[in-house]
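Below is one structure, written out as structure tokens; comments come after it.
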Amino acid sequence: MPSVSAQVETGAICRSATVEDVEPLFQMIEEYAQSGIMLPRSRQALTRQIDQFVIAEIDGRFVGCGSLCKLGNDLVEIRSLGLRPECKGKGIGSLIVDKLTEEARRQKIPKIMALTYAVDFFLRNGFTIVEKEIFPEKVWTDCVNCKKQHACDEIAVLKMLN
């Protein structure tokens, strides 16, 4: 469950994405992709995968997003996790991770991973650092198409769900 204090403090809510969210999702992911922080996603891909995304809003205004991608029967990945710069450090990212974790639990998937530069954020949210080589599902799904494939500088994190 999202922490009540973060909801009260920020007024943010998390909800499932709809096709109306494709454009703001595309814009946010594209900004991160231009900085080399995320893999780009086309509008068409976002439309096809919209059911994997959650949106964070404050007073109906899009402020963040994240998605959950199934990599196997026992593993999902948090990806495309992003926030508007003015919303960082306010607990909204944790709300998104909580919502995605809730969905993984609902699907009875025991492991959540991410590749990230924001290691401290994930550690605060109950993840631990692991070797990315333990995720061949990820390597063969996305890494084969990444320009950083042979010089990846992202850190793998994992959370086991009980």
**Complete:** Residue set C14, C65; condition under 23 Å from R124 (Cα atoms) and touching a residue at least 60 places away in the same chain (Cβ under 8 Å); output residue C14
**Message:** Looking only at region 69-88, count every residue that is touching a residue at least 40 places away in the same chain (Cβ under 8 Å) and of a type in the set (A, V, I, L, M) and tell me the total.
**Reply:** 2
**Request:** Considering every residue within region 41-57, establish whether at least one is open to solvent by 20 Å² or more (accessible area, probe 1.4 Å) and in contact (Cβ under 8 Å) with a residue 40 or more places away in the chain.
**Result:** yes
**Prompt:** Which one of the conditions (1) surrounded by fewer than 17 Cβ atoms within 10 Å (Cβ to Cβ); (2) under 15 Å from P24 (Cβ atoms) does D74 fail to meet, given that it meets all the rest?
**Reply:** (2)
**Request:** For region 79-93, state whether one or more residues are over 15 Å from the mean Cα position of the chain (by Cα), surrounded by fewer than 12 Cβ atoms within 10 Å (Cβ to Cβ), modelled with pLDDT of 95 or more and farther than 25 Å from Q49 by Cα.
**Result:** no
**Item:** Lone unmet requirement of (1) within 14 Å of G11 (Cα to Cα); (2) not in a helix (DSSP H, G or I) for S94
**Value:** (2)
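The values are calculated or read from the model by the stated rules, or taken from the named source; none is laboratory data. These numbers come from a predicted model, not from an experiment. All Cβ positions, even for glycine, are placed from backbone atoms using ideal geometry, and neighbour counts span all protein chains on display. Side chains are part of the model used for accessible areas, which takes the heavy atoms of the whole protein and leaves out ligands, DNA and RNA. Shrake-Rupley method; radii C 1.70, N 1.55, O 1.52, S 1.80 Å.
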